[in-house]
Amino acid sequence: MINGRYADIIVTISHEKVDRPFQYRIPETLLGKITIGMCVIVPFGAGNKELAGYVIGIGDRPAYAEDKIKEIRRISEEGMSARGSQIRLAAWIREQYGSTMIAALRTVLPVGRKMATPQKRQIRLAQSPEETQPALAICRRKRQNARLRLLERLCEEGEIPYECATGELSVTPAVIRAVEGMGLIAVTAQTAYRNPVNAAAARPRSVTLSDEQKTVITSVLDDYRAGSPGTYLIHGITGSGKTEVYMELIAGMTALGRQAIVLIPEIALTYQTVERFTARFGERVSVLHSRLSAGERADQCRRAEEGEIDIIIGPRSALFTPFRRLGLIVMDEEHEGSYKSEAMPKYHAREAAKELASYFGASLVLGSATPSLESYYAAERGLIRRFELTRRLTGGTLPRVYVEDLRRELRDGNRSMFSRRLRDLLEARLAAGEQSILFLNRRGYAGFVSCRACGHVMKCPHCDVSLSEHRGGRLICHYCGYEQAAVTVCPACGSSYILGFRAGTQQIEENLHRLFPQAGVLRMDADTTRKKDSYEAILSAFARGDADILVGTQMIVKGHDFPNVTLVGVLAADLSLHAGDYRAGERTFQLLTQAAGRAGRGKKPGEVVIQTYQPQHHSIRFAAAQDYRGFYEEEMQYRRLMGYPPAAHMLAVLVLSQEEEAGMKLAVRLAALAGEGARVIGPAPAAISRIGDRYRTVFYGKSGHMKDLIAIKDKMEAVLEAENSRTETVQFDFDPMNCY
Ligand code: ADP
Ligand code: ZN
Ligand code: ZN
């Protein structure tokens, strides 16, 4: 690729406007020296005006007649800039995940390059007040009162804001210009960046690092200094001191003049993280996320590019902060699904971070209490280095976990949504004035069908994932499209208590009111957090002790410490267990472990109740035992057996079409193409088979090697490009996080 003779070059480049690329010839002298992302000088337009452009692609085929192709003049002095590495990353994302170059560029380039930044102007005396006296006398004599007011004030104060002159002193800009023209004053412009971070936060606490923490810090920094930066996984429960390690690493990096990106999974978590980082690093910290205005975002990018900040904190897209001296990328809660983009190109921030780090020779540090199978597997194979933080430094003991078998509750005549144990423990908490959290895990919920008497779940005979209930009770596999009629008796035990699983936070709230009329209940779900800031408001109210019980979806398991919470109830652990995709077990294990971690953060010991129809499921058993390793080994057996990531790789191909039949026809053709290099499942209508007026057809390819799947994607892209008049859209998703 590097040795091609032609380069595609974009001359104007910004998030809003990416011109089409122009092809240029690489001169003999530069052959082999031009790389993607490089800034070069090219002749442009009829006058052959010299312009700077970025190389976004290199190839061997001329797109026009040879004599129509102009030649690159030289490599720009700028060399490899922040912009350059972004473009290189865009090219990598395009290649790796499949999309157009334009879409990839839009993903990585900061928004609003062209936005004007407000200027903060100051007026100051150009000379000393004494030297200004003669001018003052002249103004008095000529009755130039505006000039007089301005100069008199400046003689007193030396310097005033421009707005003060035009406002309070009512001096017009024309007069200011005139006085400036006489050399009496100077107007200076300072760029007033919008800074979303309030640096006047709490003072940092200093801690004595534990030996485990020190080991991580020394290893990462020593590797970096030795010129062999790597990828590291910090496996440590919440409160084991990971964030403290991140900050120490950043301090080490900034001491070396390097900059750092800290990725967090959700915007909702930014606030607390930023507070801790600014307490330590002050104004060198900023944030970047989608709730900032376009202007604010553009400013943070500029501040980063100009080296005014060293640390940026934000979700996925903060990875694209244009630092020039990047030394470290931290990815907290690296297992979170939100690190994968849901829009095209569907890149995973962990993979993109690895790539970006390699351009800069930067270190990549992943942290989690429940690492993704991908990362743990990579550590097992020696591809990344793993560290364990085994102790909780905040004190507080690990909670006691009870697994309550809902099948038994039913057998014993309890049909309420609360097991007897959970009800008793809730009652005890209310009596003791302690708080409880009830958690309904709806993430990835897809309407599975299970038997209340024996726990049997209806599964696809081919894919070993749960079937989903569709209208009329039909059961469908979201991977292969396998379908069967509604069931009325359990195929395992003959019970007629086999039905779809339905529960909502609102129902739980109502049931609580009935059961404990005296209890204060707060509810947090998509409905109650629709308004801006309501998330924070509910959590703060609960932290203040405004309610006894907090009911909510997965939103409540993260952020905020509630020292007075001594009981956590997981109402239906099965909801996430049977989401109909291969990651359901992993997500459940993570959520249960996280939820359990919410109990007993303070001095009092905590208890956790997990209610389920499948107490023997490995996700539940190992979460209850807080045994990550045990979970990992059993889950990997399943992934190996079924050929699911990370044991193998998977490519989801989603075809969107106006007409159902046309979409299926295209999917069948592409699937045949994919079949030449991978095992193909499907095509079938997607779980959500239609959004808006577009039909969704999906198939999956599986292979032991990612590069085989990328090659297949390239083949499909080539076919689609050759028939570019078509109305169907095709999306690729490598190692998908959810099913379609
Ligand atoms: P994590 O990011 O793993 O949840 P934190 O870094 O937030 O852990 O640490 C949890 C708490 O323990 C914080 O209040 C932090 O200040 C404190 N802490 C971290 N490291 C130490 C240490 N070495 N000694 C004492 N307290 C520590
Ligand atoms: Zn049954
Ligand atoms: Zn199937």
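Overview of results
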| read-out | value |
| --- | --- |
| Filtered residues of segment 108-142 (kept if at pLDDT 85 or above and buried (at least 16 other Cβ atoms within 10 Å of the Cβ)) | Val108, Ile123, Leu125, Thr132, Ala135, Leu136, Cys139 |
| Residues that are part of a helix (DSSP H, G or I) and open to solvent by less than 10 Å² (accessible area, probe 1.4 Å), drawn from segment 633-670 | Glu635, Met636, Arg639, Gly663, Leu666, Ala667, Leu670 |
| In segment 30-58, the residues that are of a type in the set (A, V, I, L, M, F, W, C) and free of Cβ contacts under 8 Å to residues at least 40 places away in the same chain | Leu31, Val40, Ile41, Val42, Phe44, Ala46 |
| Hey, Thr370 closer than 30 Å to Val207 by Cα, out of contact with any Asp or Glu (no Cβ under 8 Å at 6 or more places or on another chain) and not aliphatic (A, V, I, L, M) or not | yes |
| Residue, farthest from ligand 2 (Cβ to nearest atom), within segment 504-527, restricted to residues that are open to solvent by 90 Å² or more (accessible area, probe 1.4 Å) and free of Cβ contacts under 8 Å to residues at least 24 places away in the same chain | Pro517 |
| Residue check, Cys463 open to solvent by 10 Å² or more (accessible area, probe 1.4 Å), away from ligand 2 (no atom under 14 Å from the Cβ) and part of a loop (DSSP other than H, G, I, E, B) | no |
| Hits in segment 349-379 (condition: in contact (Cβ under 8 Å) with a residue 60 or more places away in the chain and among the charged types (D, E, K, R)) | Glu351, Lys354, Glu355, Glu374 |
| Per-region count, segment 48-77, residues of a type outside the set (Phe, Trp, Tyr) and either under 11 Å from Gly37 (Cα atoms) or under 21 Å from the mean Cα position of the chain (by Cα) (or both) | 5 |
| Pair list, Cβ < 6 Å and 6+ apart or interchain, from segment 89-107 residues that are open to solvent by 10 Å² or more (accessible area, probe 1.4 Å) to residues that are acidic (Asp, Glu) | Trp92/Glu355 |
| Enumerated strands (runs of 3 or more DSSP E) restricted to segment 182-272, each holding at least 3 residues that are modelled with pLDDT of 95 or more and within 25 Å of Ala349 (Cβ to Cβ) | 231-236, 259-263 |
| All positions within segment 678-722 that are open to solvent by 60 Å² or more (accessible area, probe 1.4 Å), farther than 21 Å from Arg471 by Cα and not hydrophobic (A, V, I, L, M, F, W, C) | Arg679, His705, Lys707, Lys715, Glu721 |
| Residue in segment 352-364 that is farther than 27 Å from Ile311 by Cα and either under 26 Å from the mean Cα position of the chain (by Cα) or at pLDDT below 95 (or both) present | no |
| Per-region count, segment 404-459, residues surrounded by fewer than 20 Cβ atoms within 10 Å (Cβ to Cβ), of a type in the set (Gly, Ala, Ser) and outside any loop (DSSP other than H, G, I, E, B) | 3 |
| Residue count for segment 143-177, restricted to those that are farther than 15 Å from Ala126 by Cβ, open to solvent by less than 30 Å² (accessible area, probe 1.4 Å) and not in a helix (DSSP H, G or I) | 2 |
| Filtered residues of segment 368-400 (kept if among the aliphatic types (A, V, I, L, M) and either within 26 Å of the chain's Cα centre (by Cα) or crowded, with 16+ Cβ neighbours inside 10 Å (or both)) | Ala369, Leu373, Ala378, Ala379, Leu383, Ile384, Leu389, Leu393 |
| Restricting segment 203-232 to residues that are of a type in the set (Val, Ile, Thr) and out of contact with any helix residue (DSSP H, G or I) (no Cβ under 7 Å at 6 or more places or on another chain), the residue that is surrounded by the most Cβ atoms within 10 Å (Cβ to Cβ) | Thr215 |
| Tally, over segment 623-632, of residues that are modelled with pLDDT of 95 or more and open to solvent by 30 Å² or more (accessible area, probe 1.4 Å) | 1 |
| Total residues in segment 477-503, condition surrounded by 14 or more Cβ atoms within 10 Å (Cβ to Cβ), within 32 Å of the chain's Cα centre (by Cα) and more than 9 Å from ligand 3 (Cβ to nearest atom) | 2 |
| Qualifying residue in segment 481-490 (condition: part of a loop (DSSP other than H, G, I, E, B), out of contact with any Gly (no Cβ under 7 Å at 6 or more places or on another chain) and within 22 Å of Asp581 (Cβ to Cβ)) | yes |
| Single condition Ala357 does not satisfy, out of (1) assigned to a strand (DSSP E or B); (2) surrounded by fewer than 24 Cβ atoms within 10 Å (Cβ to Cβ) | (1) |
| Failed item, numbered, when Gly675 is tested on (1) free of Cβ contacts under 8 Å to residues at least 60 places away in the same chain; (2) small (Gly, Ala, Ser); (3) crowded, with 22+ Cβ neighbours inside 10 Å | (3) |
| Filter pass, Glu334 being among the acidic types (Asp, Glu), touching a residue at least 60 places away in the same chain (Cβ under 8 Å) and open to solvent by 10 Å² or more (accessible area, probe 1.4 Å) | no |
| Test set (1) closer than 24 Å to Leu410 by Cβ; (2) at pLDDT below 85; (3) in a loop (DSSP other than H, G, I, E, B) - Gln616 fails condition number | (2) |
| Output for segment 529-539, where each listed residue is more than 11 Å from Phe562 (Cβ to Cβ) and either open to solvent by less than 60 Å² (accessible area, probe 1.4 Å) or not in a loop (DSSP other than H, G, I, E, B) (or both) | Thr529, Ser534, Tyr535, Glu536, Ala537, Ile538 |
| Qualifying residue in segment 504-516 (condition: more than 16 Å from ligand 3 (Cβ to nearest atom), outside any helix (DSSP H, G or I) and either over 37 Å from the mean Cα position of the chain (by Cα) or modelled with pLDDT of 85 or more (or both)) | yes |
| Filtered residues of segment 273-308 (kept if surrounded by fewer than 19 Cβ atoms within 10 Å (Cβ to Cβ), modelled with pLDDT under 85 and not in a helix (DSSP H, G or I)) | Ser290, Arg291, Ser293 |
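The values are calculated or read from the model by the stated rules, or taken from the named source; none is laboratory data. Only a predicted model underlies this, so the values are computations on that prediction, with no experimental measurement involved. Cβ: placed from backbone, ideal geometry, glycine included. Neighbour counts: every protein chain shown. The area values use the complete protein model at the heavy-atom level, side chains included, leaving out ligands, DNA and RNA. Shrake-Rupley method; radii C 1.70, N 1.55, O 1.52, S 1.80 Å.
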